[in-house]
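A quick write-up on the structure given underneath.
The values are calculated or read from the model by the stated rules, or taken from the named source; none is laboratory data. Keep in mind that this is a model prediction, so the values were computed, not measured. Cβ atoms come from the backbone with ideal geometry, glycine included; neighbour counts cover every protein chain shown.
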Amino acid sequence: MELKVKYHALGCMSGTSLDGIDLAFCSFFSQDNSIKFDILKAETIPYDRKWKNNLKLADQLSGRELFRLDHEYGKFLGGIILNFIRKHSLKPDFIASHGHTVFHEPWTGGSLQIGNGHDIHAVSGRPVIADFRNMDIAIGGQGAPLVPIGDEYLFQDYDYCLNLGGFSNISFKKNGVRLAYDICPVNSILNEITTFEGMDFDRDGDLGRKGKAHPLLVDRLNSLEYFRKSPPKSMGKEFLRDYYYPVLNKFDLSTKDILATLYEHISTMILEAIGNDSKKRVFITGGGAKNKFLVEQIDEQTTTELVIAEEKMINFKEALVFAFLGVLKLEGKNNVSASVTGAREDNCSGIIFNTKQNKNGKFYSP
């Protein structure tokens, strides 16, 4: 694949673990029949307690309250983005925003990421591309995962791309076709459990390392129906509510023992995904890549080479890829793969929010 022109794009990502807003100002260009990229500036803006609570409880709001939060959060994102642009004197061609997921229920026909694109555009003054999931769902797909299109074109040197974020997901090629799926929850559930100890997360896995895994609970988690399904498949936090927590609540364990149990479960599911092949390499990104205990548990049980990304890529790969999704949208190229999501066909997803275009259709630059 080749791009028509060089792009400077700002990717904006908010994950289910609620660590903050990831912003990545990136360049994309073609060279030697491949696509090259660079993350030029990047920053994570932590959520304050108010916004963390607002987003955490968003799925409990009435329709009218959620409507208001969508617009309020869009204005908030627009302000955060504008400050980032001014701070670093940037000139992005556009902003690509994932938004923050409130519901992801493709089996009921929808997925909701708040952070209204109109409001981001109005506040930031820059063109915005958002809502990357729902076109795919409308044509029978899961609307997720979306990052594998970036793995396909930007990270071709690895056999597997493994993200350890709110949920773990994996991407790989089989018989020349890109496949991907969500494996299991990671930070979304680990962080929730650590709050019982007054902690935002289990740094380096130290608390879980002190615990003892409960074999029966590990078996119950490993036996959840989701893990018997074949891809395409994806998870949302609804899965925690409906399946994980009802199982966990049946066991009276200490926080460190619950964490130890979850670490064993998570590593088992990941090991099933990456296999045991010394000739293959796994590129690991996401906040969980910094969890020493989790990575050790995986590494000790496989000969597959684990390649931990450098710090910038760990933190900003998803923001980078959403910027790339925006580039593909502008070029009219497919940015969602049916082989990954299960849709009827590959598609060019995302909605463009912009008030000015020149005669050539290229975005007007403020």
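Structure values in brief
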{"quantity": "Close pairs from region 29-44: first loosely packed, with under 13 Cβ neighbours inside 10 Å, partner charged (D, E, K, R), Cβ under 7 Å, at least 6 apart", "calculated": "ASN33/GLU2"}
{"quantity": "Hits in region 218-232 (condition: within 9 Å of TYR181 (Cα to Cα) and either buried (at least 18 other Cβ atoms within 10 Å of the Cβ) or modelled with pLDDT of 95 or more (or both))", "calculated": "PRO232"}
{"quantity": "Residue pairs meeting the criteria (Cβ under 8 Å; at least 6 apart or on separate chains; first in the same structural domain as ILE21 (by TED's automatic domain parsing) and within 13 Å of CYS12 (Cα to Cα), in region 62-80; second of a type in the set (Ser, Thr, Tyr) and outside any helix (DSSP H, G or I))", "calculated": "LEU77/SER97"}
{"quantity": "Residue under evaluation LEU259, criteria (1) closer than 30 Å to PHE155 by Cα; (2) at pLDDT 95 or above, criterion not met", "calculated": "(1)"}
{"quantity": "So PHE25, is it in contact with a Lys or Arg (Cβ under 9 Å, 6 or more places away or on another chain) and either among the aromatic types (Phe, Trp, Tyr) or part of a loop (DSSP other than H, G, I, E, B) (or both)", "calculated": "yes"}
{"quantity": "Condition met for HIS104 (under 22 Å from the mean Cα position of the chain (by Cα) and modelled with pLDDT of 95 or more)", "calculated": "no"}
{"quantity": "Hits in region 202-215 - residues which are in contact (Cβ under 8 Å) with a residue 24 or more places away in the chain and either within 25 Å of the chain's Cα centre (by Cα) or not in a loop (DSSP other than H, G, I, E, B) (or both)", "calculated": "ASP202, ASP204, GLY205, ASP206, LEU207, GLY208, ARG209"}
{"quantity": "Count of residues meeting criterion [more than 16 Å from LEU262 (Cα to Cα), hydrophobic (A, V, I, L, M, F, W, C) and more than 12 Å from the chain's Cα centre (by Cα)] in region 166-200", "calculated": "5"}
{"quantity": "Answer from THR303, THR355, THR261 - the residue that is surrounded by fewer than 19 Cβ atoms within 10 Å (Cβ to Cβ) and within 24 Å of ARG209 (Cα to Cα)", "calculated": "THR303"}
{"quantity": "Looking only at region 111-155, and only at residues there that are in a loop (DSSP other than H, G, I, E, B) and aromatic (Phe, Trp, Tyr), the one that is farthest from SER30 (Cα to Cα)", "calculated": "PHE132"}
{"quantity": "Test result for GLY99, under 23 Å from PHE201 (Cα atoms), touching a residue at least 24 places away in the same chain (Cβ under 8 Å) and small (Gly, Ala, Ser)", "calculated": "yes"}
{"quantity": "Residue that is basic (Lys, Arg), surrounded by fewer than 19 Cβ atoms within 10 Å (Cβ to Cβ) and either part of a helix (DSSP H, G or I) or outside the structural domain of GLN113 (by TED's automatic domain parsing) (or both), where the choices are LYS250, LYS256, LYS333, LYS317", "calculated": "LYS250"}
{"quantity": "Yes/no for ILE95 being among the β-branched types (Val, Ile, Thr), in a strand (DSSP E or B) and in contact with a Gly (Cβ under 6 Å, 6 or more places away or on another chain)", "calculated": "no"}
{"quantity": "Single residue of VAL282, VAL327 found to be crowded, with 17+ Cβ neighbours inside 10 Å and not in a helix (DSSP H, G or I)", "calculated": "VAL282"}
